[in-house]
1. Taking every DSSP beta bridge that has both residues in the chain, what percent is antiparallel when rounded to the nearest 5?
2. Can you find, among L165, G182, G152, the residue sitting farthest towards the positive end of the charge dipole of region 150-192, where Lys and Arg contribute +1 and Asp and Glu -1 at Cβ?
3. For region 118-259, with only Lys/Arg (+1) and Asp/Glu (-1) charged at the beta-carbon, what is the dipole magnitude about the Cα centre, in debye rounded to 20?
4. To the nearest 0.05, how large is the calculated FRET efficiency for D213 and K252 if R₀ is 22 Å and r is the Cβ-Cβ distance?
5. Given charges of +1 on the Cβ of Lys and Arg and -1 on the Cβ of Asp and Glu, with all other atoms neutral, how large is the dipole of the chain about its Cα centre, in debye to the nearest 20?
6. Based on alpha-carbon centroids, what's the gap between region 63-84 and region 269-288 in Å, whole number please?
7. Would you calculate, for the chain, the mean residue ellipticity at 222 nm contributed by helices, counting each DSSP H stretch of 4 or more residues as -39,500 (n - 2.57) and dividing by all residues, to the nearest 500?
8. Too long at a 29 Å Cα-Cα cut-off: which of K100/K273; K43/K273; K100/K163?
Amino acid sequence: MNSEYMVSGDGRKPRLITPPKACETHSHIYGPADKYPRARGRKPDFGASIEAYETMLNRLGFERCVIVQPSLYSTDNRCTLDAIRHFGPSRARGVAVTEKNITREELQRLHAAGVRGLRFYLIVDDFTLDDAPEMAKRIAPFGWHLQIQDRGNWLTEAIPVIKKLPVDVVVDHIGRTPPENGVNDPGFQALLRFMETGRCWVKISAPYLASADGPPHYADVGDKVRALVSVRPDRLVWAANWPHPNHIQGSKPEEADYLDALLDWIPDAAIRKAILADNPAMLYDFDG
């Protein structure tokens, strides 16, 4: 693959045994550069194949998955759509990035291919909060959600905008609020209040992006997860964030660490089953 290197799906097996139809809800596929051209100026430049991803899913015990369009490809969703097609409609869904002027016909094509959400990656992509109302109107007829991610002190500004949207909103990576603020962070507290409405979902994912304590236990993230569970356990899903694009140059996070952390963070097996299987089945329309 030219100068690229390939990311492995290997690692240790978790202690946690996932329930039937468990779904990993946020990972990316990076195919060969000669087949899937990278958007100019976007990084990282490595390969993360479908086969390696499937190895990771099997190791962790996930039957279902959600492929999220990475910023590397901007609005060219071909690699993501090919990955969804590989797994098939009973096992995979997707979240796309589109042009602002996307037509209803193109949205219909993406929906038929398994897409169920529109990504607003505010750190890199061209979308801003100002674009959210118009894009939400476009995707609402398809039952899609808007998936949003930023970092730092962003939620206090974002939530007054996104809570007015005519679609559900999925917040990535436990909100990515400043780890030093813990559960008392104003943005995190605003997120908890938004969750109470039932129109906000949160991904328990990438704890290394929101933790000062670090692996393998991510204790400070556990405090946030417990707070989220106390509000709306039916609006939480889990994700690996494979292949960890923000950490690929350093030590690779072990996905089993923060899957096993659920045994401590969420001791109720019924709630864990909801987060790992039942909630994503509803959010991503797996069971119609």
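1. 5
2. It is L165, whose Cα lies furthest towards the positive end.
3. Values: 15 positive and 19 negative charges, 95 e Å.
Using only the charged Cβ atoms, the result is roughly 460 debye.
4. Values: r = 19 Å, r/R0 = 0.85.
The calculated FRET efficiency here is 0.75.
5. 500
6. Here the answer is 21 Å between Cα centres.
7. Estimated from H runs of four or more residues: -9000 deg cm²/dmol.
8. Flagged as over cut-off: K100/K273; K43/K273.
Values in this text are rule-based calculations from the coordinates and carry no lab data. Keep in mind that this is a model prediction, so the values were computed, not measured. Cβ: placed from backbone, ideal geometry, glycine included. Neighbour counts: every protein chain shown.
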